[in-house]
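The values are calculated or read from the model by the stated rules, or taken from the named source; none is laboratory data. In this text, all values refer to a predicted model and were calculated from it rather than measured experimentally. All Cβ positions, glycine included, derive from the backbone under ideal geometry; neighbour counts span all protein chains shown.
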């Protein structure tokens, strides 16, 4: 029975032209050999399975070949090439630094460097996993690495470049290997399958390439595994999916479609199917967030290249992203990130994910409720709700700064906010003009808050109903105070109760609230929509507006320390100072 050789060894590249996905490295090395500009030491660094040791061996074989071809490839016929192919070369030495990392191992290496090669031009020393050398071993290696004999060349390879001493790095010519692209790996696997007479779907090979995460060796290992699993029936997408236990992209596309349509039932059934197939709930949440991220980058042609997926999957992302708006994607990513953060701390993790799916299924409805006409359309539609404005009034000694408005041609979800005029009496708040990106981010937070608060949803629907039929019933100060008290008692929020149960002013249909600080203002901003809708509904008047005013407290600060108390009394009765001086008293605080 013939011994099986794994594909990673059987199809290991033997020339620079056969190296996959590292053309920037191979081209540089070939030019260095052609022009005889070889460095005394090379450092190959990069992720696992991308060809570092392979390129080191090809470089060692090529520079000792006695009959190089025109394309700078070894001839495989000279004595040096034959000895290398038979693993019997005396000029090429490989050292595993993971198991030979002591000072004695490096001393033995430096002793060998003294002897020139018997045949060939160079003696090459390949040190793999060089970052595993100890501190003392690195120091013992410094002098030899800096001034080696003319015939000695060192090739160091590592996956963790940051662990190598800067003094070593400065003595080497550094080559950074990239992760191999999915298409390059899939094409290489297709070439291997053709040589092995194996029928393989290209989508199955793309799936293996994606799972390999840029490592060709891992891809070839998974390829062998799936060939064994299929038992000669060829590689299909479904068999590879089952064998590698991968949650298919199709689940995420179907889940997004269900959430977009607001079908909670379909989303729950699909999530149950995922769990029954043995996938972890946290794995699904992480994958769903990654899916929304891919949809976001698919919205812009300039960021589509950031998708690390197969071409067929990329086309599906482009099609689905065209059906989604950016506010929807932003809000979904916000809810999904909270799912991810709180998953491990949840007592009932399945219920935690299902609640998150319910929130995601309501985002589109909230966006539809929050969609309002442009400012220019107000004359055409007298029932339209005014766009939110924030106006900061400074003291009368300075001119009033203009209100901060959104551009008329931009519609954001923050347009649902009520008109709130913020007056700062003692210390005016600084005004900065927000960017469009910050406006979108604020829109995302508002949307998420609306999804999480079911009462807010009901109030918004009621407000929409009121806006279609303008109500102008009169109300009194007492009825307004009564409804404010009811609204405050209904919410278990002490800050809100303090704000709404204190003195206020009523000018026509405008409610003026006096606040103490920014914290109270922030609390009001979060509930202003609910409060305005509640008052309009209860008082049957759709023109009610809310104004908030931050009033700095004018209460005199009371003395606290003993010294402050003495100074306070002395200011009222200067005779205390005279008494202290006459008696020669010394105050101890």
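Among the listed residues 104, 79, identify the single one that is in the same structural domain as residue 44 (by TED's automatic domain parsing), more than 22 Å from residue 54 (Cβ to Cβ) and at pLDDT below 85.
Exactly one residue qualifies, and that residue is 79.
May I ask you to say which residue of 187, 224 is touching a helix residue (DSSP H, G or I) at 6+ places or on another chain (Cβ under 8 Å), surrounded by fewer than 20 Cβ atoms within 10 Å (Cβ to Cβ) and assigned to a helix (DSSP H, G or I)?
Residue meeting the stated conditions: 224.
Is there a residue in segment 131-148 that is at pLDDT 85 or above, in contact with a strand residue (DSSP E or B) (Cβ under 6 Å, 6 or more places away or on another chain) and surrounded by 14 or more Cβ atoms within 10 Å (Cβ to Cβ)?
Looking through segment 131-148, at least one residue is at pLDDT 85 or above, in contact with a strand residue (DSSP E or B) (Cβ under 6 Å, 6 or more places away or on another chain) and surrounded by 14 or more Cβ atoms within 10 Å (Cβ to Cβ).
For residues that are at pLDDT 90 or above and farther than 15 Å from residue 256 by Cα, scanning just segment 350-368, find the one that is surrounded by the most Cβ atoms within 10 Å (Cβ to Cβ).
Selected residue: 352.
For residue 128, only one of the following conditions fails: (1) loosely packed, with under 14 Cβ neighbours inside 10 Å; (2) within 39 Å of the chain's Cα centre (by Cα). What is its number?
(1)
Can you tell me which of (1) touching a residue at least 40 places away in the same chain (Cβ under 8 Å); (2) in a helix (DSSP H, G or I) is the one residue 50 doesn't meet?
Just one mismatch for residue 50, condition (2).
Where residues in segment 34-51 are on the phi < 0 side of the Ramachandran plot and touching a helix residue (DSSP H, G or I) at 6+ places or on another chain (Cβ under 6 Å), which of them is surrounded by the most Cβ atoms within 10 Å (Cβ to Cβ)?
This residue is 44.
Checking the condition under 40 Å from the mean Cα position of the chain (by Cα) and on the phi < 0 side of the Ramachandran plot, which residue from 115, 154 passes?
154
Looking for something farther than 18 Å from residue 284 by Cα and at pLDDT 85 or above - is there at least one such residue anywhere in segment 254-261?
For segment 254-261, residues farther than 18 Å from residue 284 by Cα and at pLDDT 85 or above: present.
Check off (1) more than 30 Å from residue 211 (Cα to Cα); (2) surrounded by 15 or more Cβ atoms within 10 Å (Cβ to Cβ) for residue 90 and give me the number that stays unchecked.
(2)
Can you spot a residue in segment 302-316 that is in a helix (DSSP H, G or I), under 19 Å from the mean Cα position of the chain (by Cα) and either crowded, with 17+ Cβ neighbours inside 10 Å or modelled with pLDDT of 90 or more (or both)?
no
Could you list, in sequence order, all residues of segment 88-118 that are more than 16 Å from residue 149 (Cα to Cα) and in a loop (DSSP other than H, G, I, E, B)?
88, 89, 90, 97, 98, 99, 100, 101, 102
Report the residue count in segment 149-164 for those that are touching a helix residue (DSSP H, G or I) at 6+ places or on another chain (Cβ under 8 Å) and surrounded by 14 or more Cβ atoms within 10 Å (Cβ to Cβ).
The number of residues fulfilling the criteria is 11.
Return the residue satisfying two criteria in turn: it lies in segment 165-184 and is surrounded by fewer than 22 Cβ atoms within 10 Å (Cβ to Cβ) and more than 21 Å from residue 38 (Cβ to Cβ), and of such residues it is farthest from the chain's Cα centre (by Cα).
167
Please specify each residue of segment 511-553 satisfying the condition of being exposed (fewer than 15 other Cβ atoms within 10 Å of the Cβ) and at pLDDT 80 or above.
Correct list: 540, 543.
Mind checking which residues of segment 277-288 are more than 15 Å from residue 354 (Cα to Cα) and assigned to a helix (DSSP H, G or I)?
Passing the criteria: only 287.
Restricting to segment 107-120, count the residues that are farther than 17 Å from residue 142 by Cα and in contact with a helix residue (DSSP H, G or I) (Cβ under 6 Å, 6 or more places away or on another chain). If you could, list the steps in order and put the result at the bottom.
Looking only at segment 107-120, we keep the residues that are farther than 17 Å from residue 142 by Cα, and these are 115-120.
So of that shortlist, the ones also in contact with a helix residue (DSSP H, G or I) (Cβ under 6 Å, 6 or more places away or on another chain) come out as 120.
The number of residues fulfilling the criteria is 1.
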